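A quick write-up on the structure given underneath.
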Amino acid sequence: MLLAIDTSAGTSVAVVDRDAGVLAERSSPDTRGHAEIIGRYISECLEQSGVAVTALSGVAVGMGPGPFTGLRVGIAAARAFAFGAGKPVVPVVSHDAIAFGLTRPTLIVTDARRREIYWSAYAGSDEAGLPVRVHGPALCKPAELADAVPDFDGYTRLDAALVSAASVGLLAEGLYLHKRPFATGEALYLRSPDVTMSAGPKRVS
């Protein structure tokens with residue numbers, strides 16, 4: 001049983017169980033109000049599901065791709081909750097969660113802001129029902145997508161405004177069950193930070 005969180009697009013929180021499915025989920029497509037609602041959504045999902053924190057096996061979290069400001073809210077919330085509850089963090093790729101359950105070749109596209117998009121290409125699902133990602137995640141301008149994706153015409157495009165935390169959690173359960181690797185603990189911003197350290201001390205004249 002997992003608490004699941006994703007803020008790579010909007011904000012979504014869920015409690016899922018591998019056998020019972022989705023026990024509770026709260027979501028908002030708002031791409032700017034993550035910090036204001038994430039705590040309330042966690043509390044409401046736990047209350048609605050009737051699941052005690054001690055009964056959770058871990059906290060699944062979408063690692064992106066996603067814009068820095070929003071994505072870091074969900075990752076920080078997941079890590080803080082997991083630390084306080086003494087549970088492990090289970091990272092997954094957010095685009096993989098969108099593709100979870102799809103059987104045909106699909107191109108997942110999400111908004112990266114700054115007039116750019118994130119994309120990942122999937123061949124479908126494997127024998128265990130888990131998504132098979134063949135390209136990405138990557139970042140490009142919308143007009144460059146057809147050239148960026150190999151065999152672009154072979155995919156059905158799916159634009160997603162929200163990543164369901166329920167899908168994040170159920171994907172994590174499936175990965176664990178079939179002994180597949182989770183994502184790394186690194187957030188997938190796919191973009192250099194706006195602020196960088198200077199190469200050396202500032203020259204004073």
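Any read-out appearing in this document is the output of simple, stated calculations on the displayed coordinates, not a laboratory observation. The model shown is predicted, which means the values in this text are computed figures rather than measured ones. Using ideal geometry, Cβ is built from the backbone for each residue, glycine included, and neighbour counts are taken over all protein chains shown.
Observations
- Exposure proxy shown here: for Ile108, Ile117, the number of other Cβ atoms within 10 Å sets the order, fewest to most, as Ile117, Ile108.
- Given 10 as the ceiling on other Cβ atoms within 10 Å, longest exposed-site-free region of the chain for trypsin sites (Lys or Arg not before Pro) in DSSP loops: 33-113
- The phi torsions of the stretch 124-136, fed into the Karplus equation with coefficients 6.51, -1.76 and 1.60 and a -60° offset, translate into couplings of x, 10, 8, 5, 8, x, 9, x, 10, 8, 10, 8, x Hz, rounded to whole numbers, with Gly and Pro shown as x.
- Listed residues Leu3, Phe100, Ser167: farthest to the positive end of the dipole of the chain (Cβ charges): Leu3
- Under 5 Å between amide hydrogens, built in the peptide plane, is the criterion, and for Gly58 it picks out Leu3 among residues at least 5 positions away or on other chains.
- For the chain, relative contact order (Cα pairs under 8 Å, six or more residues apart, normalised by length) works out to 25 percent.
- Residues His178, His135, His95 arranged by fewest to most Cβ contacts within 10 Å: His178, His135, His95
- Theoretical gain in end-to-end length, Arg115 to Thr54 [0.36 nm per residue, Cα-Cα removed]: 17.7 nm
- Segment Asp159..Ala146, full-extension length gain: 3.2 nm, with 0.36 nm per residue of separation and the alpha-carbon distance subtracted.
- Per residue of the chain, the DSSP helices (runs of n ≥ 4 H) give a summed -39500 (n - 2.57) that works out to -8500 deg cm²/dmol at 222 nm.
- Once you reduce the stretch 48-127 and the stretch 147-164 to the center of their Cα atoms, the two points are 18 Å from each other.
- Given their separation in residues at 0.36 nm each and the Cα-Cα distance between them, Arg32 and Asp126 gain 30.3 nm when the chain is fully extended.
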